[in-house]
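Visitor: Structure in C-alpha cells, see below.
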Amino acid sequence: MKATDALLQMVRHRDAIRAFAERISTAAASLPQPLRIMEVCGGHTHAILEYGLDQLLPDKLRLVHGPGCPVCVLPQHRIDAAINLAQRPDTILVTLGDMMRVPGSRGVSLQRIRAAGADIRYLYSPLDCLTIAADNPDKTVIYVAIGFETTTPMTALLLEQAQNRQLDNLYIHSNHVLVPQAMELLLAGGGAIDAFIAPGHVSVMAGAKQYQHLVEKYRAPVVISGFEPVDLLDAVLRIISQINGGVAEVDNAYGRFVKTTGNDKAQQLVATYFEPHDDFLWRGIGRIPGSALRLRSAYGDRDAEVQFPECCPAPTEERPGNCLCGSILMGLAQPTDCPLFAVGCTPQNPQGSCMVSNEGACAAYYKYRRES
Amino acid sequence: MTGIIQLAHGSGGLESQQLIRELFFAAFDNPLLAEAEDAALIDGSKLAVSTDSFTVSPLFFPGGDIGKLAVAGTLNDVAMRGARPEYLTVAFIIEEGLEIDVLRRVVSSMNKELAVSGARIIAGDTKVVPRGAIDQLMINTTGFGTLIRDCNMRRISAGDHLIISGPVARHGACIFAAREEISIKGLMSDCCSLWPAIAPLHEAGLDIHAMRDATRGGVSAVFNEWAQQTGLTFSLRQDDIPVSAEVRGFSEILGIDPYVLACEGVFVLAAAPVDSAAVIDLLHRHGHPQAALVGTAEVVQGQATVLLHSAYGTKRRMEYPSGEILPRIC
C-alpha cells in the first residue's frame, strides 16, 4: 500500500495539478470557440467533482457528463427482473454493491427486499459466486451481472468456471452494455459534443482501438484517461491540442494501463460466451443498436432470462418523469439544471436514475457540490 | 416514519439520525436527551452517563476484539463529554453454542482495557439466546464518569480550531476488509481507550470546547452533525487530515470514502485557537503522534456545511454519510 500512496502523491500533487491548469488556460485561449467535452464514464464524473477539476478550467471549456454509469442506464424492467428473481423460492441472488439500492418500478430496492427476508448478497469478485453455488447445492444461485466492458470478462470467466466445475445451480442475468455504441449515438445525435474523454477501465479491457472508427467517422477527438486529477487534466489538454491543431484522433493518455489492442484474453472470453443484442432499452435514452450483451444460446441453460422468463418482464419504453435524467445522460443538461435536483430528488429519495446510483452525475453533484 | 428497518438505519449516517430523532427522541423527549451528546449529564450532578451496544463480525480482528471495543467505546464516550471514565456496567447476550474459551478471551481482553483507564465493571447481566437468534455475541456497556470540564457542541464558536487525533477510518476499513476476506498488509483497527490522552489535556487546564470520537459515520458524521447543530461551517484542509497508506489503498480499491468509515480510537476536538498548539503537542506526547490541526469553524452566509479544501485551490462538500456503505462496481 506504500506503493499506492507514492503513486497517488504524484498524480494528485498540487504543483502538477496547478501546472496543468495553467497550461490548459494558455492553450484554451487560442480555441476558436467554446468546447463541450464529454467524459463518458461515471467514475470520471465523480473524480471531476470530487477533486473540483471543473473549478480549474477556463469558461471556454465545459465538461458534460455522459451515460457511463451502468446502474443509471439500467431500465426499470431489468431492475424489476432482479427483484423478482430474488423473491423466487430457494434462491440466492448475488450482484455488485451499487445494484443494492436502486428501486424498481414499484419503488422497492434489493436492499429493501433483503431486509424483508430475501437472500441477497453483494460481492467484489463475481468468482465468489462459485463458492456460494458450491456451498448451497440445494439453492438456485443467480448472479445479476452489470457493467460495461470492464466487468463483462469477469462474468464470462465465472461462466467458464461454472461450466468446468459443473455447478448446475448457477445462473446469470446479463445486463452488460457497450461504450462505443453509446458514444456513436451521442455523436450521431446532433453534434452537441466536441470531444470525448474515453473511459479508463473499459479501455484497459477493450483497447484504444475500439474508438478508432468513431474518430474517423465523426472527426471528434477521443482521449483515454485515468481517474486521477493529473490524468484528467492531461486528457483535457490533449483534447485542446488536437482541436487547436485541427486533428481528431484516438489518443491514449492512460498508457500505464491501456494498450491499443486491450486485453486479448478478456476479449476472447467475452466473445466465447456473449453476443450483442438490441433488447436493452437504455434508461432515459432508449434502444441503441447492438449495445448490450446476452449469453450465447449455447449457454441458455445458464441464462436466467431463458430459464426464469416468468420473472423477467418484457422491455417497455419508460414514461419519462419530471426529471431531466434523459437529457443529462445525453450531455444536454447538467444536474443542476433539473428543477427537482436536491429539492424533490435526493439520494435518499431519488426520482431519477442519475441520483440513484453512486456513479450517477446527479449523485456526484449532490454529494460534492450541493449549495444547501 | 414507516416501512421496515434496514441496515442503513444503523450505519451512523442520515438514516440513523432520522430514526433517532423521529422515533426515539420524539418518544422519550426530555432536555438531557435532547442535548444529543456522546454522554448525558445527570441533572444537577457531575455524573456523565453513556451507553453503547457492540456487535462485530469477526469477534477478533487485527488491533482488537469485541471486548476491547465494548470497554474502550463506552469509556471514550464518557471521556468525550469531559468526564473521567470510572465505572461500567456490562450485559452479555450470548448465542447458544459459543465456546466458553472464546468468551474467556473476550473477558480477559475487557479486563486489560479497563486497566488502561483505571475503570471498573460494577454490575452486569447475562442472557443466552437460541442458536441463530444473534451472531455469536453482543455486548452492551453503560459507562459512568465524573465531569471535569463540560465539553459539548454548544460551546463551539466561530474561529475554533479543529483537531483530529490520528489517522482516520482504520477500524471501519479493517472490519470491512476482514469481513470480506480482503487481505491488506498492515491494516489494523485503531480501537483504543482515549482517556490516557485526554487526562493530560484536562490537567493542563486547556479549554476544550467539544470532543467526539469518530465512530460510525466517521469524521464526516461528526463534522456534519456539528455543522447542523451549531449553524457554523466547518472548513477543512483535505491534505491535513491524516489517512494511513493502508486505509488509502483500501479506499482506492473499493471506492469507499475514508471520511465516512468508523474510527474507534480517533476523535475530533474543537478548541479556542490559543489552545490548539498545546492540545496537539500533548496529544503527540501521549500516544497520538499524528494528531493534526485540520481546519476551523466559520460563520458563513447560507446553510452551514462541511467544506473540504484541496491544496490546489478547489473545494467540495464533505457529505453527511448516508445509506449502507457499498463498494463501487468498477
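Read-outs: derived from the displayed coordinates by stated rules, not from any lab. Keep in mind it's a predicted model, so treat the numbers as computed, not measured. Methodologically, a virtual Cβ is constructed for each residue, glycine included, from the backbone with ideal geometry; neighbour enumeration extends over all protein chains shown.
Visitor: Where in chain B is the longest stretch that carries no trypsin sites (Lys or Arg not before Pro) classed as loop by DSSP and with at most 16 other Cβ atoms within 10 Å?
Guide: The longest uninterrupted stretch comes out as B:186-330.
Visitor: Here's another thing I want to ask about it. Straight-line reach from B:Lys46: which aspartates and glutamates fall under 13 Å, measuring Cα to Cα and dropping same-chain residues less than 8 apart?
Guide: Straight-line reach from B:Lys46, under 13 Å: B:Glu86, B:Asp150.
Visitor: Taking K and R as +1 and D and E as -1, what net charge do the other residues with C-beta under 15 Å from the C-beta of A:Asn252 add up to?
Guide: 0
Visitor: Something else now. Under 19 Å from the Cα of B:Lys185, which aspartates and glutamates turn up, not counting those fewer than eight places away in the same chain?
Guide: A:Asp5, B:Asp65, B:Glu246, B:Glu252
Visitor: Right, another one. Could you work out Rg/(2.2 N^0.38 Å) for chain B, with Rg from alpha carbons only?
Guide: That ratio works out to 0.96.
Visitor: Further question: Need one value for B:316-323: mean number of C-beta atoms belonging to other chains within 10 Å of its residues' C-beta atoms.
Guide: 5
Visitor: Still on this structure, please answer the following. Could you give the nm distance between label points at B:Ala26 and B:Gln301, where each point is 7 Å from its Cα heading toward the beta carbon?
Guide: That separation, rounded to one decimal, is 3.6 nm.
Visitor: While we're here: Let me check I've understood the local charge: for B:Glu264, count other residues with C-beta under 12 angstrom from its C-beta, Lys and Arg +1, Asp and Glu -1. What total comes out?
Guide: For residues surrounding B:Glu264, the net value is -3.
Visitor: In region B:153-317, how does Rg compare with the Kirkwood Rh, expressed as the Rg/Rh ratio over alpha carbon atoms?
Guide: 0.97
Visitor: Can you tell me the orientation of helix A:179-188 relative to chain A, as the angle in degrees between its alpha-carbon axis and the longest Cα principal axis, to the nearest 10?
Guide: That helix lies at roughly 50 degrees to the long axis.
Visitor: Within region B:76-104, what residues put their amide N at less than 11 Å from the label point 7 Å along the Cα-to-Cβ vector of B:Ala133?
Guide: B:93-96
Visitor: Another question about this same structure. Report, as an integer, the average count of C-beta atoms from other chains found within 10 Å of each Cβ along A:105-117.
Guide: 2
Visitor: Where the eigenvalues come from the Cα gyration tensor of chain A, what are the semi-axes √(5λ) of the equivalent ellipsoid, largest first, in whole Å?
Guide: Three semi-axes, in Å: 36, 23, 19.
Visitor: Around A:Pro34, with a cut-off of 12 angstrom between Cβ atoms, what is the net charge of the other residues, counting Lys and Arg +1 and Asp and Glu -1?
Guide: Net local charge, A:Pro34 excluded: +1.
Visitor: Now for a separate question. For labels at A:Val343 and B:Ala158 in the simple 7 Å Cα→Cβ model, what's the distance in nm?
Guide: The modelled label-to-label distance comes out at 3.0 nm.
Visitor: Need the list of lysines near A:Lys367 for cross-linking: C-alpha distance under 21 angstrom, and skip anything on the same chain fewer than eight residues off.
Guide: Partners found: B:Lys315.
Visitor: Next question, about the same structure. Please compute, for the alpha-carbon atoms of region A:59-215, the extent along each of the three principal axes and give them in descending order in Å.
Guide: Here the Cα extents, ordered largest to smallest, are 58, 38, 23 Å.
Visitor: Compute the angle between helix A:76-86 and the longest alpha-carbon principal axis of chain A, please, reported from 0 to 90 degrees and rounded to the nearest 10.
Guide: It is inclined by approximately 40 degrees.
Visitor: How would you classify the protein assembly as shown from its alpha-carbon gyration tensor, with a ≥ b ≥ c the square roots of the eigenvalues: rounded for a/c under 1.5, else prolate if a/b is greater than b/c, otherwise oblate?
Guide: Note, shape of the protein assembly as shown comes out oblate.
Visitor: If the only charges are +1 at each Lys and Arg Cβ and -1 at each Asp and Glu Cβ, what is the size of the charge dipole of the protein assembly as shown around the Cα centre, to the nearest 20 debye?
Guide: Rounded to the nearest 20 debye, it is 760 debye.
Visitor: With contacts defined as alpha carbon pairs under 8 Å and 6 or more residues apart, what's the relative contact order of chain A in percent?
Guide: Contact order relative to length: 21 percent.
Visitor: Using only alpha carbon pairs under 8 Å that are at least six residues apart, calculate the relative contact order of chain B and give it in whole percent.
Guide: Taking the mean separation of contacting Cα pairs over the length of chain B, I get 23 percent.
Visitor: May I pose another question? Once you average over the residues of A:95-101, how many Cβ atoms of partner chains fall within 10 Å of each Cβ?
Guide: 5
Visitor: For a quick check: with amide H placed at 1.01 Å from N, whose amide H comes under 5 Å from B:Leu236's, ignoring anything fewer than 5 positions away on the same chain?
Guide: Residues meeting the criterion, in which the H sits 1.01 Å from N, are B:Leu307, B:Leu308, B:His309.
Visitor: Can I ask one more? Can you give the relative contact order of region A:85-156 as a percent, counting alpha carbon pairs under 8 Å and 6+ residues apart?
Guide: Over region A:85-156, the number comes to 39 percent.
Visitor: Distance check, please: which entries in A:Lys139/B:Lys127; A:Lys217/A:Lys259; A:Lys209/A:Lys265 exceed 24 angstrom between their Cα atoms?
Guide: Pairs exceeding 24 Å: A:Lys139/B:Lys127.
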